[in-house]
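The values are calculated or read from the model by the stated rules, or taken from the named source; none is laboratory data. All values derive from a computational prediction rather than experimental measurement. Quick reminder, even Gly has a Cβ in these numbers, built from the backbone with ideal geometry, and neighbours come from all protein chains shown.
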C-alpha cells in the first residue's frame, strides 16, 4: 500500500551522526552490551546467545516471503471513530489502520529517524529489560543502535521502555506523537499516572527481536504504531487453548523467534480452524489494533521502531472492569470513584454484580464460543501471570514522581556514569601510567589489566548491589 511506501526510509541508513557512533571505541561498546546481557540473563552464557544460529538460518527471509496478510487493512479516512468502535472494538476484530500518524512531528518533521534520535538522545539510556531483582536494565541509545547494526544474537536485546515519557532526558519524545484518533478514549487516565499500570512503551529492536505470545493484561486493548521497519504478527481469538499456543517445552524457549521457528509451523496444519494463526506483516506508517483478550506474538523482520499503548475505552469497559475489580481492587476502587464523578453511566454498569461465569468470559467474543469453560480458566491464569509482572513494575513506578525516576534509578545511573568516566579516563591515560587514575579504578600501580578489571568489577558491585 502507498502508506507503507511513504515511510520507506532506511531507518539505519548511515549518516554523519551514526558514523561517529560507529567510530567510537569498540571495547567500551562491547562491555556495555555484555553488562546489559549479564544483568537481564545472568545464567545465559555468551555462547548461548547465538546457539541456534537464527541469523544465518534464513528464517526471517522465509517469513517475509511466505507469511500471508490475513488481517484486513483499512484507511483511517474511510470510517468515523464511532464506526471503528462498533466494527472493530465491540466486534473484537484485529485490524491494520493506515494513515493515522502522518501529521506526527516524529514523521512530518523527521524527528524519529535514527540520525535525529542520535543527535538528541545518543547519551540517553533506554530500558532493555530487568534484572533478577526487578530493577530496570538500561543501555545508552548510541550503544544500542550499534548493537542493532552488528548483532547476530538469536533473540536480541529489545528496547521496551515504559517510562521514556517520564524521565528527564527522554520525556520530550512524548510530544513527537499524538493519540491516534480512534484510540483517544482512555478511561484509566481517571485514576492518575501514578496509580494506573504501565500502559505506553517506546519499542526499538533489531531483526529477530520481538514479543513472545501473550494476552495483554486486564482485558485491555492495544494499538501499535510502526514508524520504521516491518513486524510479523500472529493473532488468535480469546479462548484459544494456552497449551496449543504455548507448548510447555518447545525448542528455543519463550522467545518470539523460537515461537515462529517451532510453534507456528505446527499451527498452520491444525485441524481446528480457530488455531490457525491470523497473520499480517505490518509496514511502516501502519497502526495495528489488537482487541482485548486476543493472543498475539510479534517478530521484527528488520530494525523496527514503534510506539504502543494499552487502553480501556467505553467499548471494552465491561471486560476490563471485570478483571480490574478482581486483580487490582485498590485501583478498582479509585477507578469506580472517578467513574461516579466523570462517567455516571459507566459507574452504574460497574455496580452490576458479576458471577464466576461472567468474570471468566467477559473478554471473550463470539469467536471463542466453541471453546470450553476450562479454556477460559487457563486464559485467566495466563493473564494473571502477565498482570503480576505489570503489578511489580507499577509498584516501582508508584515510588517515583510522574516527572522523575526513583532515587534508586538516579543513584544507579550516577554510579554507572561515574564508572564510565573513570574507565574512559583510565583508557586515555593508560599509556602514561597514570597512578591516580589506576587508584580511582580500585587497583594499585603495577596491577595492569588485572587491576583495571577488578576496578570495573567494584563499580559493577556498587551499581547492582548496595544501592
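For the range 309-329, which positions are surrounded by fewer than 17 Cβ atoms within 10 Å (Cβ to Cβ) and without any contact (Cβ under 8 Å) to a residue 40 or more places away in the chain?
Quick first cut of the range 309-329, residues surrounded by fewer than 17 Cβ atoms within 10 Å (Cβ to Cβ) only: 314, 326, 329.
Of everything in the range 309-329, those that are surrounded by fewer than 17 Cβ atoms within 10 Å (Cβ to Cβ) and without any contact (Cβ under 8 Å) to a residue 40 or more places away in the chain turn out to be 326, 329.
What number goes with the only condition from (1) buried (at least 23 other Cβ atoms within 10 Å of the Cβ); (2) assigned by TED's automatic domain parsing to the domain that holds residue 91; (3) in contact (Cβ under 8 Å) with a residue 60 or more places away in the chain that residue 252 does not pass?
In the conditions (1) buried (at least 23 other Cβ atoms within 10 Å of the Cβ); (2) assigned by TED's automatic domain parsing to the domain that holds residue 91; (3) in contact (Cβ under 8 Å) with a residue 60 or more places away in the chain, residue 252 misses (1) alone.
Six or more apart or on different chains, Cβ under 6 Å: which pairs go from a residue in the range 157-182 that's modelled with pLDDT of 95 or more to one that's surrounded by 19 or more Cβ atoms within 10 Å (Cβ to Cβ) and part of a helix (DSSP H, G or I)? Could you list them?
Note: pairs meeting the criteria are 164/173; 176/106; 177/106; 182/84.
Can you find even one residue in the range 137-145 that is within 24 Å of residue 198 (Cα to Cα), out of contact with any strand residue (DSSP E or B) (no Cβ under 8 Å at 6 or more places or on another chain) and in the same structural domain as residue 35 (by TED's automatic domain parsing)? Walk me through how you get there before you give the answer.
First pass over the range 137-145, keeping only residues within 24 Å of residue 198 (Cα to Cα): 137-141, 144.
Of the ones still in play, those that are also out of contact with any strand residue (DSSP E or B) (no Cβ under 8 Å at 6 or more places or on another chain) are none.
No.
If you take the residues of the range 164-184 that are touching a strand residue (DSSP E or B) at 6+ places or on another chain (Cβ under 7 Å) and assigned to a loop (DSSP other than H, G, I, E, B), which of them is nearest to residue 57 (Cα to Cα)?
164
Name every residue in the range 66-108 that is loosely packed, with under 12 Cβ neighbours inside 10 Å and within 18 Å of residue 298 (Cβ to Cβ), in order of residue number.
66, 68, listed by residue number.
How many residues does the range 35-51 hold that are touching a helix residue (DSSP H, G or I) at 6+ places or on another chain (Cβ under 9 Å) and either surrounded by fewer than 12 Cβ atoms within 10 Å (Cβ to Cβ) or modelled with pLDDT under 80 (or both)?
Residues meeting the conditions: 1.
Taking the conditions exactly as written (surrounded by 13 or more Cβ atoms within 10 Å (Cβ to Cβ) and closer than 24 Å to residue 202 by Cα), does residue 111 satisfy them or not?
Working: surrounded by 13 or more Cβ atoms within 10 Å (Cβ to Cβ): yes; closer than 24 Å to residue 202 by Cα: yes.
Judged against the criteria, residue 111 is a match.
The rows are residues; the columns are (1) modelled with pLDDT under 95; (2) under 24 Å from the mean Cα position of the chain (by Cα).
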position: 57; (1), (2): no, no
position: 61; (1), (2): no, yes
position: 75; (1), (2): no, no
position: 88; (1), (2): no, yes
position: 98; (1), (2): no, yes
position: 105; (1), (2): no, yes
position: 115; (1), (2): yes, yes
position: 125; (1), (2): no, yes
position: 133; (1), (2): yes, yes
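Among residues belonging to the range 259-282 that are buried (at least 21 other Cβ atoms within 10 Å of the Cβ) and out of contact with any helix residue (DSSP H, G or I) (no Cβ under 8 Å at 6 or more places or on another chain), point out the one that is nearest to residue 237 (Cα to Cα).
280
Determine which member of the set 230, 214 is touching a residue at least 12 places away in the same chain (Cβ under 8 Å) and farther than 16 Å from residue 305 by Cβ. It would help to see each step written out before you state the result.
Numbers: 230 fails: farther than 16 Å from residue 305 by Cβ.
Of 230, 214, the one residue that is touching a residue at least 12 places away in the same chain (Cβ under 8 Å) and farther than 16 Å from residue 305 by Cβ is 214.
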